[in-house]
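This report concerns only the one structure given below.
Just so it is clear, none of the values below were taken in a lab; they were calculated from the coordinates. Predicted model only: the values in this text are computed from it and were never measured. We place every Cβ from the backbone using ideal geometry, glycine too, and count neighbours over all the protein chains shown.
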Amino acid sequence: MTKVITYGTFDLFHEGHYRLLQRAKALGDYLIVGVTTESYDKTRGKLGVIDPILTRIENVKKTGFADEVIIEEVSGQKFSDIKKYDIDIFTVGSDWTGTFDYLRDYCQVVYLERTKNISSTMLREQRQHIQRIGIIGTGRIANRFIPEAKLVSGVSTQGVYNPNFESARQFAEKWEIEPYENMERFFGAVDIVYIASPHQTHYAYIKSALEHGKHVLCEKPLVLRKEQAEEVFGYAKEHGLILFEGIKTSYCPGFQKLLGIACSGMIGSVRNVEACFTKLEDSGSRELTDTMYGGSFIELGSYIMLPILKMMGVNYESISFDSFNGENGLDLFTRVTLRYRTGLATATCGLGVKSEGRLLISGTNGYIVADAPWWKTTYFEVHYEDAAKVDKYSETFLGDGLRYEISDMLALINRTATNDFKLTRGESIALAEIMEKFMKENRK
Ligand code: CTP
């Protein structure tokens, strides 16, 4: 019996898929089809897959060509599948020609001609109205955003606004987009507003964008007062608009995996979370000179509070801040201590003090540790009482990581996702409240 194997995402099942499976089956007697998981697709940069895996498997089965369907969830699996299932022929479409030649040592490799003029990407784009993004702000993060947005199908960066028009003009020229001087015209030309302006301007821009009927993705910290966060989220909800706080850690696959493990019972019940993030800044930088909105906690607090709120929840019993301030009164190092009914948490951050950036989650059966840069999670370990037993996990973090939040936001806008579980409104509101509490104590 000749055994054939092929792999694919098979999203929005189309004629190209059908014809490929038909010819794959004809190559032998028994066809195994590997369907990719959503998380595997994410790690290989395929974002925005629409059909859930069960639908994709069903569609493959319906063709009647597959004798067996398996799931492809990690890179490197093809080799082991070939051995495991005793495969004679590996086949895929001609768009992959050459890529899988390394498998020729283990079986025959056949590239089947790809069906012309059809692809899942094309169908996804046809289904969606392309969401036009407009950027407010032209700083470092805005420059990282554009190449990331290019990798998400269904969005296109249209223009940029900056009250300093010369900055907008230069930024626009660099990225070949439209510069705007007039806010009304800017809002008129876009569907999503990405806010990457100074922290204190977020609230007014969010409000204005929402009032113009635009979805908003705003850099962290979203706003610096609880009441403002409640107001903008309330407005967005009432008007069917999506408002997202861009803390990239919350949307990246590695952090999702870490949360899943932390909350799976593997380390028992979580009783303590410690998160630390330090980044030495130049003493003349905005972060260390803006005496109202600079300082370590406003800059880095969202990252270090995130794992605590995700794992321990938003209902802490007490919170206290301790800071070491520089001469201008800005915190160079801040420690936040929280007490919960079920445990404790500590978050530390610094712009003027360097420390070991680490995330440590302690439970009743073991602990998880992720080293810096854990906020772009790619690796973590699970340890137990028996020091010799260590479970190691790794995950990809592609590029600057902004593609994950853009694609999640787009899924909500297009209603292919139903909720914001990776960073909920409640969590964003809690973060704003913590920022507010900190400012009350630290900024006189
Ligand atoms: N395929 C094909 N002809 C097409 C599209 C896909 O023969 N017009 C083949 C691919 O080469 C692959 C299999 O179908 O062997 C599954 O491909 P998949 O990546 O799921 O489909 P695409 O339409 O290429 O998806 P995307 O646009 O997301 O890359």
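Some points to look at:
- Sorting the segments 102-115, 402-415, 154-167, 374-387 by their residues' average number of neighbouring beta-carbon atoms within 10 angstrom, most packed first, yields 402-415, 154-167, 374-387, 102-115.
- Evaluated over segment 329-444, the Cα radius of gyration and Dmax, each in Å: 17.7, 50
- Applying 1/(1 + (r/R0)^6) with R0 = 41 Å to the Cβ-Cβ distance of Lys174 and Thr364 gives a FRET efficiency near 0.20.
- Shown here for segment 257-361: GluC sites (Glu not before Pro) in loop regions (DSSP other than H, G, I, E, B) with at most 10 other Cβ atoms within 10 Å, namely Glu317, Glu327, Glu356.
- Per-selection Rg to Rh, segment 238-371 - Cα, Kirkwood hydrodynamic radius: 1.01
- Stretching Ser80 away from Lys354 to a fully extended chain increases their span by 94.2 nm, per 0.36 nm per residue minus the current alpha-carbon distance.
- Cα Rg, Dmax (largest Cα-Cα span) when computed across the chain, Å: 24.4, 79
- Label-point gap, in nm, between Thr337 and Asp391 - each point 7 angstrom along Cα→Cβ: 3.2 nm
- Calculated diffusion of segment 133-288, Stokes-Einstein form, Kirkwood radius summed over Cα pairs, 20 °C and 1.002 mPa s, µm²/s: 123 µm²/s
- Relative to the longest principal axis of the Cα atoms of the chain, the long axis of helix 53-62 makes an angle of roughly 10 degrees.
- GNM top mover of Ala149, Ala417, Ala345 - the chain, alpha-carbon springs below 10 Å: Ala417
- Segment 375-432 and segment 50-111: distance between their alpha carbon centers, rounded to Å: 28 Å
- A Gaussian network model of the chain, with springs between Cα atoms under 10 Å, assigns the largest mean-square fluctuation among Thr63, Thr37, Thr346 to Thr63.
- Cα long-axis angle, helix 296-312 against the chain (0 to 90 degrees, to the nearest 10): 60 degrees
- The stretch between Met1 and Lys116 holds 38.3 nm of extra length on full extension. This uses 0.36 nm per residue minus the Cα-Cα distance.
- Counting only alpha carbon atoms, the long axis of helix 253-262 and the longest principal axis of the chain meet at about 80°.
- Computed extension gain for Met266 through Ser156, at 0.36 nm per residue and net of the alpha carbon distance, reaches 35.4 nm.
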